[in-house]
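The values are calculated or read from the model by the stated rules, or taken from the named source; none is laboratory data. Remember, predicted model here, so these are calculated numbers, not experimental data. Positions of Cβ are generated from backbone atoms using ideal geometry, with glycine treated the same way; all protein chains shown enter the neighbour counts.
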Amino acid sequence: MFSSLRNRNYRLFFLGQVVSNTGTWMQRIAQDWLVLSLTGSATAVGVTTALQFLPMLLFGLYGGVLVDRLPKRPTLLVTQSAMALTGLALAFLTLTGHVEVWHVYLAAFAVGLATVVDNPARQTFVSEMVGPDQLQNAVSLNSANFQSARLIGPAVAGLMITGVGTGWAFLANGLSFIAPITGLLLMRARELYDVQRAPRGKGQLREGLHYVAGRPDLIWTIVLVGFVSTFGFNFPVYLSAFADDVFHAGAGSYSLFNTVMAVGSLAGALLAARRGTARMRVLVVGAVAFGTLEMVASLAPSLWLFALLMMPIGMFGMTVNVTANSSVQLSTDPAMRGRVMSLYMMVFMGGAPLGAPIAGWITDAYGVRAGLAVGGAIAAGAAVVIGLVLARVGNLRLSVGWNRGHPQVRFVPRQAQEQLAPAA
């Protein structure tokens, strides 16, 4: 489960990200709380979130082009330092009492700009640290790392905001970047895997899009992630409405739902690390299970049953995320990996902001149970259709049989099934 941590360079990277991710979650909570306290407007909080995601939607593909050209470790030193300075600037303005809402808007946009390059650089740098044999395990541990921070960061931020104020949470985030920057500086360059960088040239963005378009395994994986992210991952809309409108239980139950889901997501990431392979059937089955469980949860009659279902939903959602991420990286030419991963992350991260208004409209018009059921149905339906498409592309057929007294459903090569047919 933790085999990639035997690699010294990856171990330094992982430990740095534990600290930094916790600080990042602290800043997210403090940022929203500060905007709300300055303006009293939930719309202003939404604007802040939109400004942080907007650069990825606008410039994400160009970030991938840069990442393919540039050496990853120096690039990450620049982006991590830029995000550290943003946190420290917000801390200074808040602690001195000079902060205004436009400062927070500007900081959110600046972090978004840094993320355009930082995100694909971090994703693709993993393969340079651990190599192809440990990539699935390392990607899974990265996800577990992020989910652990998701559990710890908001709790620490809440204590810090109520105890000493939002400015200190920003300061903690700014200082947290010392850990990943130190880890990057301590890495042994000779132990990194050599990866061919793309030379500077014209048409590289178009070249990356053509590369994906010519690879059905890549394009359909990204399309599936897009459907799941856009229609299935709108949990801020669904969970808050279930807590307030369905169960009438308030903010405490909303926090409970998110915490249980984070625990399930952490378990899903660790199981993916233990599995060690990124198979398309795992991706498709995980997406079908994720969507089906959302439909089941939409019918949950009690708060505790709904909360309990959040754990497997989080687990299968993380299974989809980790399996898609690692399979795309493993099957992509290293010289194209930055551009492909930037497209993947743009679809994955951009899906929720696009799907949230749709989920909100369905919830307002027909109720949150209908909204969650429709989102789950679309995710599961897309997984089934794309699974059949990939099977057809791979010249596979569905095989149903028994193995040691248990039913077994799998895809097998057409020729293999034709040879087995007379014996059956």
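Would you confirm, using the coordinates I've provided, whether Val368 is at pLDDT below 95, of a type in the set (Val, Ile, Thr), more than 15 Å from the chain's Cα centre (by Cα) and not assigned by TED's automatic domain parsing to the domain that holds Leu57? Criteria met by Val368.
Being in the same structural domain as Ala373 (by TED's automatic domain parsing), closer than 16 Å to Phe306 by Cβ and of a type outside the set (Asp, Glu) is a property that holds for Gly264. Note on segment 302-348: residues that are small (Gly, Ala, Ser), closer than 13 Å to Val260 by Cα and surrounded by fewer than 24 Cβ atoms within 10 Å (Cβ to Cβ) amount to 1. Only residues that are over 19 Å from Met341 (Cβ atoms) and in contact with a Phe, Trp or Tyr (Cβ under 9 Å, 6 or more places away or on another chain): list them for segment 46-73, please. Hits for segment 46-73 are Val47, Thr48, Leu51, Gln52, Leu54.
Name the residue, out of Ala179, Ala172, Ala157, that is part of a helix (DSSP H, G or I), at pLDDT 75 or above and in contact with a Leu (Cβ under 9 Å, 6 or more places away or on another chain).
Ala179
Does segment 121-135 contain any residue that is modelled with pLDDT of 75 or more, under 25 Å from Leu90 (Cβ atoms), in the same structural domain as Leu34 (by TED's automatic domain parsing) and not in a helix (DSSP H, G or I)? No - not one qualifying residue is present in segment 121-135. For Thr259, the stated conditions hold: it is touching a residue at least 12 places away in the same chain (Cβ under 8 Å), part of a helix (DSSP H, G or I) and hydroxyl-bearing (Ser, Thr, Tyr). Among the residues of segment 270-326, the ones that are acidic (Asp, Glu) and not in a helix (DSSP H, G or I) come to 0 in all.
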